[in-house]
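K.L.:
My questions will all concern the structure given below.
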Amino acid sequence: MLTSKLEAAQLSIQRRWDPHFRWVINDAVPWTSLAKPLSESTLALVSSCGLYRADAHVPFDAWNDLGDPSFREIHIDTPRDRLRIAHTHYNHQHLAADLNVALPIDHFRRLAEAGTIGRLAARAYSFMGYLPEPRQLLAESAPAVARRMHADGVDAAFLTPC
Amino acid sequence: MGLIARTLEEQGIPTVCVGMSRDILENVKPPRALFVHFPFGAPLGPANSPETQTAVIAAALSLLVDASQPGTLREAGIEWPD
């Protein structure tokens with residue numbers, strides 16, 4: 001059941017951008033247990049704030065009414081001045097001033113140094129969260145990220161929307 | 001974001017997801033979700049507020065470790081600083 005707030009948002013998105021948009025309503029929930037203590041686990045960061053690397057990536061197609069289901073891989077050592085935001089559905093003020101608002105590389109590095117987590121995975125992943133049609137995300141992009149995480153020995157993922 | 005979390009989890013990667021819309025989290029149902037009363041664009045708190053950001057991260061990591069029920073939605077109870 002959609003709340004009246006979500007119903008209103010759905011109508012607005014249908015009128016303005018995508019007449020076929022429907023909120024996803026799930027019933028069952030997938031589950032994988034954490035296999036190791038956090039202090040021995042490799043954590044990977046994922047964010048859907050539209051971050052990309054200006055000197056290496058094509059920006060997300062943020063002006064497309066149907067969204068952009070692709071993703072960008074961002075190495076945690078990427079110089080901060082190379083990162084840009086392509087996303088037209090939130091206020092960039094906080095993230096533009098401080099990457100840790102949504103991609104908390106500095107905080108997770110400190111957690112690894114302190115031994116709270118085992119390690120921060122070198123590859124972080126960026127999506128553009130405005131996506132009224134998620135089929136390609138579910139069939140291709142998100143499984144591709146899962147394969148890369150398995151290749152890197154990632155034990156858990158920390159996700160932030162915008 | 002919840003959809004990505006669900007796909008990762010289906011592929012064998014445990015996830016914890018921060019979210020600013022309780023309504024969306026309740027419908028999409030990521031495996032473990034931490035709800036914050038923050039505006040869109042600032043999931044871990046305001047810019048240059050490391051105390052707030054690390055408090056949200058600590059709450060999310062506790063949820064990752066503690067949660068035993070698929071679809072656990074926990075309220076962070078962390079205030080946006082003045």
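Please treat every number below as a calculation from the coordinates, not as lab data. Model, not experiment: these values are computed from the prediction. Every residue, glycine among them, receives a Cβ derived from its backbone with ideal geometry; neighbour counts consider all protein chains shown.
K.L.:
What is the angle, in °, between the Cα long axis of helix A:4-16 and the longest principal axis of the Cα atoms in chain A? Nearest 10 is fine, range 0 to 90.
P.N.:
On a 0 to 90 degree scale, this one is about 70.
K.L.:
Can you give me the angle between helix B:50-66 and the longest principal axis of chain B, using Cα atoms only, in degrees from 0 to 90, rounded to the nearest 10?
P.N.:
20
K.L.:
Divide the volume of the convex hull of the Cα atoms of region B:1-51 by its number of residues and quote the answer in cubic angstrom per residue.
P.N.:
Convex hull volume per residue, Cα atoms: 82 Å³.
K.L.:
Figure the gain on full extension for residue A:152 and residue A:135 (residue separation times 0.36 nm, minus the Cα-Cα span) and round it to one decimal in nm.
P.N.:
3.6 nm
K.L.:
Suppose each label sits 7 Å from its Cα in the direction of the beta carbon; what would the residue A:1-residue A:110 distance come out to in nanometres?
P.N.:
About 4.4 nm, to one decimal.
K.L.:
On alpha-carbon atoms, Rg over Rh for region A:36-160 using Kirkwood Rh?
P.N.:
0.97
K.L.:
Considering just Cα atoms, how many Å³ per residue does the convex hull of the protein assembly as shown enclose?
P.N.:
Hull volume normalised by residue count: 118 Å³.
K.L.:
Antiparallel DSSP bridges in the protein assembly as shown: what percent, to the nearest 5?
P.N.:
30
K.L.:
Next question. Find the cysteines in the protein assembly as shown that fail to meet the 4.7 Å Cβ criterion with every other cysteine, and list them.
P.N.:
Singleton cysteines: B:17.
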